[in-house]
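The values are calculated or read from the model by the stated rules, or taken from the named source; none is laboratory data. Just so it is clear, the model here is predicted, and its values are computed rather than measured. Note: ideal-geometry Cβ built from the backbone for every residue, glycine included; neighbour counts use all protein chains shown.
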Amino acid sequence: MKHLLSRLFVCTLLSLGAPVQAEQIALITHRDSPQRELNRQEAADLFLGKRQSLDGQSLNPIDISDEQLQAHFYDAVADMSLTRLKAYWARLVFSGQGRPPPKIALNIAVDRIHRDSAAVTYVYASAIPRDAKVLLRLQ
């Protein structure tokens, strides 16, 4: 009975939103890219279609199809939930004002980073490829 109560207590804490340490995310690009490090606002603008280049450098953002990683990224960089993000893009697409970045699997996105110096994507910090350049770290 005591074990059941402690499990119930932990589940209740988690359901109430008790803070859970989230893994850090890194925004990465090709190792030889001349792109300087970015701040949160620049990264948000890039992935929300508000900018296509920074400092004269054209950049191609790539979204990740892993919804947990994507949700963590947009929450950290733009304070947006996936629901809000989908509504944002639906409005822009419907009005003809923009299209979201392509959404692909993480391994394919990392492969594209290796081949395209303008490609930019995000990964968990624990999985940064050795030959990638980190543009921003997010908690």
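Structure data summary
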item: Positions within the range 88-130 being touching an Asp or Glu at 6+ places or on another chain (Cβ under 9 Å), more than 22 Å from Arg40 (Cβ to Cβ) and either among the charged types (D, E, K, R) or crowded, with 17+ Cβ neighbours inside 10 Å (or both), in sequence order; result: Ser117
item: Residues being closer than 15 Å to Leu69 by Cβ, out of contact with any His (no Cβ under 9 Å at 6 or more places or on another chain) and touching a residue at least 40 places away in the same chain (Cβ under 8 Å) - total across the range 123-135; result: 4
item: Subset tally (residues that are basic (Lys, Arg) and within 14 Å of Ile28 (Cα to Cα)) for the range 38-91; result: 1
item: Evaluation of Ala18 against (1) outside any helix (DSSP H, G or I); (2) modelled with pLDDT of 90 or more (one fails), failing number; result: (2)
item: Filter pass, Leu54 being in contact with an Asp or Glu (Cβ under 7 Å, 6 or more places away or on another chain), free of Cβ contacts under 8 Å to residues at least 60 places away in the same chain and among the aliphatic types (A, V, I, L, M); result: yes
